[in-house]
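Heads up, the thing below is written out as structure tokens.
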Amino acid sequence: MMLDHTHDAHLRSWVKGADDHPEFPIQNLPLCSFSDASCVRRGGVAIGDYILDLQALAEAGLVDREDLPIVATAAQPKLNDFFALASAQRRQLRSVLSGLLTAGHPAKHQAERLLVPMDQATLHLPADVPDYTDFFAGIHHAMTAGRMFRPDNPLLPNYKHVPIAYHGRSSSVRASGHPVVHPVGQRAVHGGTTPDYGPSRRLDYELEIAIWISGGNQLGEPIPIDRAAEQIVGFGLLNDWSARDVQAWETQPLGPFLGKNFLTTVSPFVVTSEALAPFRCAQPARAEGDPRPLPYLLDEEDQANGALDMTIEVLLLTPAMREHGRPPVVLARSSGLDLYWTPAQMVAHHSSNGCDLRAGDLFGTGTVSGPGPEGHGSLLEMTSAGKNPVTLPSGETRTFLEDGDEVILRGWCEREGYARIGFGEARGTVLAPLSKELLA
Ligand code: CA
């Protein structure tokens, strides 16, 4: 990961409000797919409270001839073709956009007309998602969840050897704001060996980091660990909504299915790997006695700089809080450094058997929980599987989500000497089940 002039904290933009913007200063430049009143979907880049329209930019004659194909590729309605470009070309787009948006650029007045106010834009899923895989790399989550089932032996023997994952469903991945229709299913009845059927009584969120993949390896060709980082286009936020009672009943022996695939919410902005270069750091040392990663997962550069120092948090807004004008309450906060595996290790492992990754593939890291109770990234952990309700500042309590509740994920990176950059939001409000009459 290279640092260059685009990361300079002193860099200023001519875009009103962009300098010192908490999320989208000129040092960030996250990509998105958006539409406005014209309803034409195209690629954009967030700057301050605006989106720079890349399609209009490609047509405006403000881009050098050699940069035009890259801008035009990123301007497409979906970012898959841009994701598929080589990392040097993706870096080139950042350099072009940073230059154009820098204070004093001679084309400022023409470029100003290409800005769309973010509050007038609809943000879409950034790319078609060919495949979605959800890892289980948050070790504190794995420990806490495992302890509920195996108090003396919370981690299964494979956990520290192999990056565990399940194959999620891409058809139900949506951008922030899509409602969560309360799932109905076969629910585990506590202590019982038969289920009942109805709306989940244990609807939960999972606080995760999204990883967007460039892809391109042929079937049968693993991506070596020292080339894995360049296969990652960027990062976002991901909520792996989970119906715990459905999950508990159906998961044995083949893993998650309908308890998970009713919706997965991602934030609409792809914060690029290039933008995150200042916030990469060493993978936290493994505990004494833990196995070393096998050679195909071990790379010196990845261990030294492959972790992501990113803070993430989950907030809740209940209908009563909304009615009384209360702000959402932060339920938990954790960090990318709470992951046991680096993003590059996930890429190398996923392709190690020859599985081909495709441009737009989406990985979730797994629930990211901190080591303490303030870092619990799901209600399952916060409430000890529903035994200890959470009391909110409004006086309400929750064991699991209720209809009308809105869950908001946020994330940001900050480090002394660099501009803070943010990831936007991944939001979703729970709606009552659609067909109550089917439940009779
Ligand atoms: Ca998950």
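The values are calculated or read from the model by the stated rules, or taken from the named source; none is laboratory data. The structure presented is a predicted model; accordingly, all values stated were derived computationally and were not measured. Positions of Cβ are backbone-derived with ideal geometry, glycine not excepted, and every protein chain shown enters the neighbour counts.
Are any of the residues in segment 77-97 under 19 Å from Pro268 (Cα atoms), assigned to a loop (DSSP other than H, G, I, E, B) and among the hydrophobic types (A, V, I, L, M, F, W, C)? Within segment 77-97, one or more residues are under 19 Å from Pro268 (Cα atoms), assigned to a loop (DSSP other than H, G, I, E, B) and among the hydrophobic types (A, V, I, L, M, F, W, C). Could you please let me know if Arg415 is within 30 Å of Arg201 (Cβ to Cβ), away from the ligand (no atom under 16 Å from the Cβ) and in contact with a Phe, Trp or Tyr (Cβ under 9 Å, 6 or more places away or on another chain)? Judged against the criteria, Arg415 is not a match. Considering only segment 120-142, I want to know if a residue exists there that is modelled with pLDDT of 95 or more, within 16 Å of the ligand (Cβ to nearest atom) and of a type in the set (Ser, Thr, Tyr). Yes, segment 120-142 contains at least one residue that is modelled with pLDDT of 95 or more, within 16 Å of the ligand (Cβ to nearest atom) and of a type in the set (Ser, Thr, Tyr). Cβ-Cβ contacts under 7 Å between residues 6 or more apart (or on different chains), taken from a first residue in segment 300-311 that is assigned to a helix (DSSP H, G or I) to a second residue that is among the aliphatic types (A, V, I, L, M) and at pLDDT below 95, are listed as Asn305/Met1. Would you point out the residue of segment 251-263, among those that are in contact (Cβ under 8 Å) with a residue 60 or more places away in the chain and out of contact with any Ser or Thr (no Cβ under 7 Å at 6 or more places or on another chain), that is farthest from the ligand (Cβ to nearest atom)? Selected residue: Leu258. Would it be correct to say that Asp53 is among the charged types (D, E, K, R), touching a Gly at 6+ places or on another chain (Cβ under 7 Å) and in contact (Cβ under 8 Å) with a residue 12 or more places away in the chain? So Asp53 fits the description; yes.
More than 10 Å from the chain's Cα centre (by Cα) and within 16 Å of the ligand (Cβ to nearest atom) - does that describe any residue in segment 211-225? No, segment 211-225 contains no residue that is more than 10 Å from the chain's Cα centre (by Cα) and within 16 Å of the ligand (Cβ to nearest atom).
Candidates are the residues of segment 30-55 that are within 21 Å of Gln89 (Cβ to Cβ) and not in a strand (DSSP E or B); the one that is farthest from the chain's Cα centre (by Cα) is Gln55. A Cβ distance below 7 Å, combined with a sequence gap of six or more or placement on separate chains, defines the contacts here; from segment 349-372, residues that are within 14 Å of Gln218 (Cα to Cα) and in contact (Cβ under 8 Å) with a residue 60 or more places away in the chain reach residues that are away from the ligand (no atom under 16 Å from the Cβ) and polar (S, T, N, Q) in the pairs Ser351/Asn217; Asp356/Asn217; Asp356/Gln218; Leu357/Asn217; Leu357/Gln231; Leu357/Ser351; Ala359/Asn80; Ala359/Ser214. When residues in segment 35-83 are screened for being on the phi > 0 side of the Ramachandran plot and crowded, with 19+ Cβ neighbours inside 10 Å, 1 of them pass.
The set of residues in segment 226-250 that are away from the ligand (no atom under 16 Å from the Cβ), out of contact with any Phe, Trp or Tyr (no Cβ under 8 Å at 6 or more places or on another chain) and within 30 Å of Met310 (Cβ to Cβ) comprises Asp226, Arg227, Ala228, Ala229, Glu230, Gln231. Contact annotation: residue pairs with Cβ atoms under 6 Å, 6 or more positions apart or on different chains, pairing a residue in segment 66-81 that is of a type in the set (Lys, Arg) with a partner that is at pLDDT 95 or above, are Lys78/Ser33; Lys78/Ala127; Lys78/Asp128.
Just checking, does segment 272-294 include any residue being of a type outside the set (Phe, Trp, Tyr), part of a strand (DSSP E or B), under 22 Å from the mean Cα position of the chain (by Cα) and within 16 Å of the ligand (Cβ to nearest atom)? Walk me through how you get there before you give the answer.
Narrowing segment 272-294 to residues of a type outside the set (Phe, Trp, Tyr): 272-278, 280-294.
After this cut, where a residue has to be part of a strand (DSSP E or B) as well, the list is 272, 280-281.
Checking which are under 22 Å from the mean Cα position of the chain (by Cα) leaves us with 272, 280-281.
Filter once more, keeping what is within 16 Å of the ligand (Cβ to nearest atom): none.
No; the residues of segment 272-294 include none that is of a type outside the set (Phe, Trp, Tyr), part of a strand (DSSP E or B), under 22 Å from the mean Cα position of the chain (by Cα) and within 16 Å of the ligand (Cβ to nearest atom).
Kindly evaluate Gly364 against the criterion of being within 19 Å of Ala127 (Cβ to Cβ), surrounded by 24 or more Cβ atoms within 10 Å (Cβ to Cβ) and in contact with a Pro (Cβ under 7 Å, 6 or more places away or on another chain).
On the way: within 19 Å of Ala127 (Cβ to Cβ): yes; surrounded by 24 or more Cβ atoms within 10 Å (Cβ to Cβ): yes; in contact with a Pro (Cβ under 7 Å, 6 or more places away or on another chain): no.
The answer is no for Gly364.
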